[in-house]
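Heads up: the structure comes next, in structure tokens.
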Amino acid sequence: MPGSNESMMVKAAAGNADLVFLDLEDAVAPNAKARARSQVADALNGLDWGRKTRCVRINDVETEHAYQDIVYLMEHAGANLDVIMVPKVRAPRDVHFVETLLNQLEMKLKLGRRIGIEVLIEEVQGLINVEQIATCSPRLEALILGMGDYSASQGIDQRAIWDPNGYPGDLWYYQRSKVVIAARAAGIDAVDGPFADFKNTAGYAEEARRGALLGFVGKWAIHPSQIDPANAAHTPPQADIDRARAMTAAYASALEQGVGAIAIDGVLIDVATVRAQANILQRAELMGL
């Protein structure tokens, strides 16, 4: 939600997204950034966010706004802030800058809680360095693929983005895979980026499905209409949950009898199969299913 739009922040607090980020970067005009900081702090402190993760996207660390964003937010709303999102991360040094400021401010303010960091991979340099970025700070919680700025950074023809027949295959397969692999190796989350055509619900649902298949744990929603399709794409069907539980239980029983592999309905079940089912069961547990 734009940090300069109070009514939209109110709607976001009442919505059913798992995480809401209030934006100080692209969605806020340069001459409104100082005022937006104050509005974001007021929203963090004054609105009922329920169980949502409360996040703020600061400005690019190479701009004059970034350090002021961090200092102001921490001093005025640090107790009600969970995560800072850092855009256009190109290398670990960008994360270290934010990490150092947070270390100092948490000590100064005696908050007694640690603010997390999420980073946007939306520059070609960031994708090249994504493995190093993913492991550069214990504060890091997620990598996010930002398709919009990334497409400009790589020089991708816009026709390939808006026309489903403009490129023979999934235009984002390589970038998505690299981000997911880096995140999984680092033990943090991978989040799929935005889909700008918010009136194209079917297109959004398909992109969310593709991201979920590759291992993303969620997808950005830039409009309330996209939240339900995002949740649907990343919620395992009950039939898959039941099958995973049955496979896991049957394999555990087989192990007790000294058997390392069994067949259920013509499907081989071994340790690798059960390991794959664990991802489904972990997500089901998080969702209370």
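Every number here is computed from the coordinates shown, using simple stated rules; none is lab data. Worth saying up front: this structure is predicted, and the values here are computed from it rather than measured. A quick note on method: Cβ atoms are made from the backbone with ideal geometry, for glycine too, and the neighbour counts reach across all protein chains shown.
Applying a DSSP loop filter and a limit of 15 other Cβ atoms within 10 Å to the trypsin sites (Lys or Arg not before Pro) in segment 19-56 leaves R51. Of all DSSP beta bridges confined to the chain, the antiparallel ones make up roughly 10%. A Förster radius of 22 Å combined with the Cβ-Cβ distance from L213 to R275 puts the calculated FRET efficiency at roughly 0.80.
Fully extending the segment from V124 to D170 would add 14.8 nm, taking 0.36 nm per residue of separation and subtracting the current Cα-Cα distance. Gain on full extension, evaluated as 0.36 nm per residue between A14 and D42 minus their Cα-Cα distance, stands at 8.5 nm. Give me the angle, in degrees from 0 to 90, between the Cα long axis of helix 66-77 and the longest principal axis of the Cα atoms of the chain, rounded to the nearest 10. That helix lies at roughly 80 degrees to the long axis. The string of couplings for segment 39-50 from the Karplus curve (6.51, -1.76, 1.60, θ = phi - 60°) is 5, 5, 4, 4, 5, 4, 7, x, 8, 8, 8, x Hz, one whole number per residue in order, with x for Gly and Pro. Using the Cβ-Cβ distance between L286 and A249 with R0 set to 22 Å, the FRET efficiency works out to roughly 0.65. Going down the table (K88/K178; K33/K108; K11/K178; K11/K108), which pairs top 27 Å between alpha carbons? Where the Cα-Cα span goes over 27 Å, the pairs concerned are K11/K178; K11/K108. What net charge is computed for the residues neighbouring L213, neighbours being all others with C-beta under 15 Å from the C-beta of L213, Lys and Arg scored +1, Asp and Glu -1? Neighbourhood net charge equals +1. Cut-off 10 angstrom, C-alpha nodes, Gaussian network model of the chain. Which of V217, V98, V259 fluctuates the most? Taking springs between Cα atoms under 10 Å, the residue moving most is V259. Exposure proxy ranking for V95, V10, based on other Cβ atoms within 10 angstrom of each Cβ and starting from the fewest, stands as V10, V95.
Distance between the C-alpha centres of segment 180-233 and segment 30-92: 23 Å, rounded to the whole angstrom.
One chain, two ends: V259 and N200. Fully extended at 0.36 nm per residue, the span grows by 16.2 nm beyond their Cα-Cα distance.
Hey, what D do you get for the chain in µm²/s if you plug the Kirkwood alpha-carbon radius into Stokes-Einstein at 37 °C and 0.692 mPa s? Roughly 160 µm²/s, to the nearest whole number. Mind checking segment 68-117 for trypsin sites (Lys or Arg not before Pro) that DSSP puts in a loop (not H, G, I, E or B) and that have at most 12 other Cβ atoms within 10 Å? Answer by residue number: K110, R113, R114. Largest GNM mean-square fluctuation among E207, E256, E131, using the chain with Cα springs under 10 Å: E256.
For segment 163-225, the list of trypsin sites (Lys or Arg not before Pro) that fall in a loop by DSSP and count at most 13 other C-beta atoms within 10 angstrom reads K199. A cut-off of 5 Å between modelled amide H atoms, ignoring neighbours fewer than 5 places along the same chain, links D189 with A142, L143.
Using only Cα atoms, tell me the angle between helix 201-214 and the longest principal axis of the chain; keep it within 0 to 90° and round to the nearest 10. That helix lies at roughly 70 degrees to the long axis.
Computing FRET efficiency as 1/(1 + (r/R0)^6) for Q68 and Q154, where r is the C-beta to C-beta distance and R0 is 30 Å, gives about 0.50.
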